[in-house]
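Here's the structure, in structure tokens; my notes come after.
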Amino acid sequence: MPKHIASSLKYLATIKLRKQGFSQQQIADDLDIDRSTVSHYLNGRNLSWNSIEFAKTLTKLNNKDFLLITQALFKDLDKIRTIILIFKKNEYKGIVDDSCIGCGLCVDLCIMEAISLNALTAQINSFYCCGCLTCEEGCPTNSIKILEENNDQKRERS
Amino acid sequence: MIKNVKEVKGKDFNIKRSAAEDRELSFNDDICIGCGICENTCPVGAIEIAAIGNLSRNYFTTDFSGHRKIAQNMDKIPTGVKITINEDKCVLCGMCSGLCPADALDLKIAGESIKDLDSYPTYNKSVDFDEDECILCERCETACPREAITVKRELPNRADLVTGEIDVDKDTCINCGICEELCPAEAIDVTKEPGSEDIVIDKNKCVYCLVCKKACPVDAIKAVCRSCSYGEYDFDPEKAVTTGNIIVDKESCINCGWCEGVCPTDAAKVSKAFEGTFEIDQDKCGQCGACIDTCPCNALYFPKSQKSGDMLPTLEIREEYCIHCGACEKLCPNEALTVKRTKINATATNSKAWQDAINALKN
């Protein structure tokens with residue numbers, strides 16, 4: 001069952017990327033699947049529509065829940081990052097206050113590994129930040145604010 | 001879910017968090033001076049300091065024939081850990097470690113102490129011995145309140161410092177043993193048993209003091225000190241040098257400055273993390289001595305009277321040996337002590353929060 005949902009997420013990702021103009025080979029490389037699978041997906045074959053409906057619902061969840069489910073489904077950091085970034089609705093900007101003590105708890109908490117410590121202060125990489133707010137909630141000194149920015153740009157290939 | 005793991009080894013403990021990076025905070029109770037800076041600094045309120053005055057009092061540790069009431073409390077001598085850290089609250093930021101003036105707390109990130117990481121501020125404190133100046137007198141070793149100094153010295157060979165000749169006429173010698181008993185260098189061995197009488201003089205031990213010769217009732221010993229007769233013409237000053245070195249246990253050292261203070265040759269140099277002032281309110285002091293027992297620097301003392309009828313202050317401080325850690329102020333039951341830190345000697349940091357924490361040590 002989780003396998004089907006993971007495939008369905010990949011299916012949705014394939015459709016999305018194709019609409020953005022990526023080639024089948026590029027999509028296959030991005031999602032780490034065969035090119036023929038991409039072709040099947042685009043032709044609407046080999047999939048359970050129930051699972052796809054379920055996967056669609058997942059993408060509508062809030063950022064944190066979607067991230068946790070994606071983590072449970074894919075486990076591997078690169079795969080989680082790929083899926084999350086494809087379905088990312090907004091850009092997020094992390095503001096770290098002077099009160100940051102450099103404890104590194106946010107670094108450890110961040111599933112996307114978007115945070116690093118630089119000179120005893122947390123630095124949040126907007127490219128990978130998915131707005132789940134785990135860092136903001138976990139920060140012992142309330143030093144992190146994640147701001148939402150609308151994203152009209154098409155996803156660029158990394 | 002990220003969870004801290006605490007490991008307790010006797011009075012010491014460490015708290016670990018292993019995720020994206022490995023962080024480990026370790027505490028060494030022996031080194032802790034009980035100043036409470038960690039408790040005041042911790043940004044998440046995870047640290048609690050014990051009743052240090054109670055723990056550091058000097059109690060009788062051997063059986064004594066004192067009052068029964070006292071004796072029955074012998075087993076109630078408090079033995080506790082100086083600080084406790086709530087591992088569920090601790091976020092392993094390392095501020096307690098960075099600001100601990102005794103380095104009793106140490107945070108390691110990926111196995112490396114933050115004291116060795118440039119991004120973290122550290123105190124500019126040090127202790128250095130100039131081996132060329134040091135004459136190995138061991139005064140610093142005796143004075144060090146933390147037993148952090150070991151002087152390893154090798155004395156010159158005594159036989160190289162004296163020169164002379166000694167001989168005993170065994171036919172005249174009556175093996176009375178007077179010379180053996182008198183010899184300050186224990187160089188003479190007399191066998192008195194009838195039939196196997198003998199006398200042996202160890203020339204490596206003999207210092208040619210001539211006491212044996214003068215005391216011998218039968219004038220059997222012929223001896224001469226060449227230095228006395230001819231001066232030190234055959235004396236090699238190089239052989240009279242004491243050699244050795246000083247070992248400082250930097251873990252125990254708290255940079256109090258005793259070694260520098262007692263050093264007769266200015267070989268010891270100490271720089272301290274804090275500068276400040278110390279005040280004793282003599283009216284409030286109740287002479288309990290808890291501060292004296294706790295002071296890691298042996299800086300506080302009760303003055304002794306020189307003659308009867310002297311009016312003395314209740315408590316005195318050798319301020320040159322105070323590190324302004326504030327442990328005494330914290331535990332004084334009468335609030336008679338005021339420790340003020342006016343300057344913190346520490347390396348710079350870009351982190352505002354850490355800079356603020358260091359500045360907060362000033363009061």
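Computed values, structure above
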| quantity | calculated |
| --- | --- |
| Computed [θ] at 222 nm, helices only, for chain B once each DSSP H run of length n ≥ 4 contributes -39500 (n - 2.57) | -3500 deg cm²/dmol |
| Cα-based helix-to-principal-axis angle, A:63-74 vs chain A, degrees rounded to 10 | 60 |
| Alpha-carbon Debye profile of the protein assembly as shown, log10 I(q)/I(0) at 0.09, 0.12 Å⁻¹ | -0.86, -1.11 |
| Zero-based 10 Å bins, Cα pair distances in region B:101-178, whole percents | 11, 22, 20, 16, 11, 8, 6, 5, 0 |
| Amide hydrogen neighbours beyond the local backbone of B:ALA346, cut-off 5 Å, H modeled | B:ASN124 |
| Net lengthening on full extension, B:GLU251/B:PHE235 (0.36 nm per residue, minus Cα-Cα) | 1.4 nm |
| Length-normalised contact order of region B:265-325 in % [C-alpha pairs under 8 Å, at least 6 apart] | 40 |
| Heavy-atom accessible surface that B and A bury in contact, both chains counted, 1.4 Å, Å² to 100 | 1400 |
| For region B:158-237, accessible area per residue (1.4 Å probe, heavy atoms of protein chains only), Å² | 64 |
| Between region B:133-178 and region A:125-141, the Cα center-to-center distance that results, in Å | 71 |
| B:ASP30/B:ASN54 FRET efficiency (R0 22 Å; Cβ-Cβ; nearest 0.05) | 0.80 |
| Whole-angstrom gap from region B:100-131 to region A:37-104, using each part's C-alpha centre | 43 |
| Isotropically averaged projected area of region A:1-66, using the convex hull of Cα atoms (one quarter of hull area), nm² | 4.5 |
| Accessible-area composition of the protein assembly as shown, carbon plus sulfur, in percent [1.4 Å probe] | 47 |
| Principal-axis tilt of helix A:77-87 within chain A, Cα atoms, nearest 10 degrees | 80 |
| Among B:CYS291, B:CYS225, B:CYS325, residue whose mean-square fluctuation peaks in a GNM of chain B (springs only between Cα atoms under 10 Å) | B:CYS225 |
| Within a Gaussian network of chain B (alpha carbon springs, distance under 10 Å), most fluctuating of B:THR79, B:THR172, B:THR342 | B:THR172 |
| For chain A: span of alpha carbons on each principal axis (Å, largest first) | 54, 30, 24 |
| Dimensionless Rg ratio for region B:158-237, taking C-alpha atoms and the 2.2 N^0.38 Å reference | 1.14 |
| Partner chain coverage, peptide A:102-112 - average Cβ within 10 angstrom | 6 |
| Burial ranking of peptide ranges A:138-146, B:88-96 (average Cβ count within 10 Å, highest at the top) | B:88-96, A:138-146 |
| Segment B:CYS176-B:GLU197, extension gain: residue separation times 0.36 nm, minus the distance between their alpha carbons | 6.6 nm |
| Number of partner chain Cβ atoms within 10 Å, mean per residue of B:17-24 | 4 |
| Relative contact order %, chain B, counting alpha carbon pairs below 8 Å whose residues are six or more apart | 19 |
| Chain B - Debye-derived log10 I(q)/I(0), Cα point model, q = 0.10, 0.12 Å⁻¹ | -0.80, -0.96 |
| Region B:198-354: projected area of the alpha-carbon convex hull, averaged over directions, in nm² | 20.3 |
| Between 0 and 90°, nearest 10: helix A:49-59 axis offset from chain A longest Cα axis | 20 |
| Normalised contact order of chain A, rounded percent, pairs of Cα under 8 Å and 6 or more residues apart | 22 |
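The values are calculated or read from the model by the stated rules, or taken from the named source; none is laboratory data. All values derive from a computational prediction rather than experimental measurement. Methodologically, a virtual Cβ is constructed for each residue, glycine included, from the backbone with ideal geometry; neighbour enumeration extends over all protein chains shown. Each accessible area value is taken on the protein alone, full model and side chains, heavy atoms only, with ligands, DNA and RNA left out. Shrake-Rupley method; radii C 1.70, N 1.55, O 1.52, S 1.80 Å.
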